[in-house]
Structures are given as structure tokens and as C-alpha cells.
Amino acid sequence: MNPNKALWEKGDFTRIAASMRESGEDVVAGLGIIPGLKVLDLGCGDGTTALPAAKLGADVLGVDIASNLVEAGNRRAQAEGLTNCRFQEGDATNLSELADQSFDLVVSIFGAMFAPKPFDVAKEMVRVTRAGGRVVMGNWIPNDPTLVAQILKISSAYSPPPPEGFISPMTWGIESNVIERFGASGVPKEKISFSKETYTFTSPGAPSAFVADFRNYYGPTMNAFAAAEQNGKAADLQQELEALFERQNTSEVKGATTIPATFLQITVAR
């Protein structure tokens, strides 16, 4: 099995996605979506950005490598009566089933950044976007002090070294890399703009319960705990993550969790 597919089919990312809904709607609200716009949501998970885009009248296709998330997305769209939103399985590095210039807007919020072969990912996103359209990515930033960058940094310290040739997904959070990758697909740097934005995770439970969700349902953290358990360090990893979540929790509601995380938003004009 494709290791990326195995990673995202592990656990149940819908449990993490439940904490991301409100900010997903906020991101979509800023994209200028109008009825009839053809939108591809790449690495869509179970529809945190796809469903809000469809509710604004866009014709949305969600593509994800994890079949369980595709199924969950289709269930959510059907439950909400969104006939203009559908999900299918696919690989961000090779979207051969999608025609050239078939979308007005290609969105990938913390999705395509995790695919291998970043130059192929950029090439495919550009290929399927029509002239005059846009690509918008949201990517976590390496060494950023906020939540997700720190979860991935802490987890990697307990995990075995990555295979040879592995390119960290966090490299998508570096502007020069983004310019180079889209440049190789023929996009001049003047057509690429950047802004730092905030994405907020909200959970009705305490920070320790939110850590448990990541331990039990989020592929990268699950892998880190599996490795840490073999080395007798699972308690250390748990302690580090709980301290991180407690430190970054801004909720004013006792026993609840609200954690803001900074990300790099990229807009590519075609």
C-alpha cells in the first residue's frame, strides 16, 4: 500500500477534523466563492472546506487518498443534501483522472502538503486550474511555535528516521520552496502571494482529552506513540504533548480546549 494512504487511513481523522470545522468555514468565507464556481478540494479529508464551499453554491469535487475519509465526506454531503458536492479517491501527485483546466479554484488546506513529490503536486494543481483561476493552499510552517508544527516536531523526535529521499511536508511552509515548486510548473513568482493566517482548533474536552484524540486517531501521532512504546518512552511523549496543549489552550471555558495555530496561506494566480 502507498505509505501515505496507509498513514491517513490509520485511525480516524474525522475525530480530529471535528475540531476544525469553524476555522474551515472561516477560510472558505475568505475565498470569494460564488454560485457555480468549479472547485477542487485536494487532500480534502471528510470535507472541512469542501462542504462550506458547496453551501456557498460552488460545484465541489473533493479528492483524498484515504478511502475512509472519501466515504465519510460523501456521507456528510448526502446528510446535508448537498448534491453539488462529491468526493472521490485520488493521489495529489497524479490527478490523471481530472482534465486540464477543469477547475476555477483548487484548494488544499493542510492536505496536498502531506503528499510526496512536491514538484508533481504543484504541477498537477496548476494543470487542472483554468487560465484566470486560482490555487489556494494552507500549509503548516516548520519550527513555528504554534500547535500543529510543534505536534509534528515532538512526534518526529520519537519516531524512526524517515526513509531515504523523504521530503518533509513542512517544507511547503517555506516561501522560497513554494516559489520554486510552482515556478517549475511555469508560474512566475509575481503570481504567487503569501499571508500568515490563524486556524483555531476547538474541542469540548480538556487538553488531555484532546491529546488522547491525537494519540488514538491522528496517523502521524499514532505512529510516534507506536515507536515510543517500543522504546519505553510513550509516557514521555504523552507528557510533552499534554504540556504543549495545556500551554497553548486559550479557552475561557473550564474543561474545554481552544488552540490557535499559525499557517502559511498561498495564493497562486493562473
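Looking only at helices (runs of 4 or more DSSP H) that lie completely in the range 164-270, which have at least 2 residues being surrounded by fewer than 18 Cβ atoms within 10 Å (Cβ to Cβ) and hydrophobic (A, V, I, L, M, F, W, C)? Quick ask: steps written out before the conclusion?
Details: elements: 175-183, 207-217, 219-230, 234-248.
So the answer is 207-217, 219-230, 234-248.
What's the number of the condition LYS38 fails, among (1) buried (at least 18 other Cβ atoms within 10 Å of the Cβ); (2) in contact (Cβ under 8 Å) with a residue 40 or more places away in the chain?
(1)
Examine the range 14-30 for a residue that is of a type outside the set (A, V, I, L, M), modelled with pLDDT of 95 or more, surrounded by fewer than 24 Cβ atoms within 10 Å (Cβ to Cβ) and touching a Gly at 6+ places or on another chain (Cβ under 6 Å), and state whether such a residue exists. Explain how you work it out, then say what you get.
Applying the first criterion (of a type outside the set (A, V, I, L, M)) to the range 14-30 yields 14-15, 19, 21-26, 30.
Checking which are modelled with pLDDT of 95 or more leaves us with 14-15, 19, 21-26, 30.
Within this subset, residues satisfying the condition of being surrounded by fewer than 24 Cβ atoms within 10 Å (Cβ to Cβ) are 14-15, 19, 21-26, 30.
Applying the additional criterion that residues be touching a Gly at 6+ places or on another chain (Cβ under 6 Å) yields none.
There is no residue in the range 14-30 that is of a type outside the set (A, V, I, L, M), modelled with pLDDT of 95 or more, surrounded by fewer than 24 Cβ atoms within 10 Å (Cβ to Cβ) and touching a Gly at 6+ places or on another chain (Cβ under 6 Å).
Would it be correct to say that ALA227 is more than 30 Å from VAL126 (Cβ to Cβ) and either in contact with a His (Cβ under 9 Å, 6 or more places away or on another chain) or not basic (Lys, Arg) (or both)? It would help to see each step written out before you state the result.
On the way: more than 30 Å from VAL126 (Cβ to Cβ): yes; either in contact with a His (Cβ under 9 Å, 6 or more places away or on another chain) or not basic (Lys, Arg) (or both): yes.
Here the answer is yes, as ALA227 does meet what is asked.
The values are calculated or read from the model by the stated rules, or taken from the named source; none is laboratory data. What you are looking at is a predicted structure, and each value in this text was computed from that prediction instead of being measured. Virtual Cβ from ideal backbone geometry, glycine too; neighbours counted across all protein chains shown.
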